[in-house]
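Since the structure comes first, as structure tokens, the remarks are kept for the end.
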Amino acid sequence: MKSYPICLVHLETRQTVVVGGGSVASRKVEGLLEAGARVCVISPELSPELQTLVDSKAIQALKR
């Protein structure tokens, strides 16, 4: 599988979107939260970790 590097700076308080609700999305959300971003996940289903973050209002989710 090919990959590409990406560096995002100044994410504090920036709105970000993660598409998908599985383990890969959980890792991405964790990194975005550590960088201070506001996160919205779009997925019909969420991993238990993501659901916990939604329940605690740490992230938003659109279940679709």
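The values are calculated or read from the model by the stated rules, or taken from the named source; none is laboratory data. Remember, predicted model here, so these are calculated numbers, not experimental data. We place every Cβ from the backbone using ideal geometry, glycine too, and count neighbours over all the protein chains shown. Surface accessibility is based on the protein's heavy atoms, side chains included, excluding ligands, DNA and RNA. Shrake-Rupley method; radii C 1.70, N 1.55, O 1.52, S 1.80 Å.
Summed over the residues of the chain and divided among them, the accessible surface reaches 77 Å² per residue at a probe radius of 1.4 Å. Against the empirical 2.2 N^0.38 Å (N residues), the chain has a Cα radius of gyration ratio of 1.10. Between Glu49 and Leu8, the FRET efficiency from the beta-carbon distance, with R0 = 22 Å, is close to 0.55.
Across the accessible surface of the chain, with the other protein chains kept in place and a 1.4 Å probe, carbon and sulfur atoms take up 57 percent.
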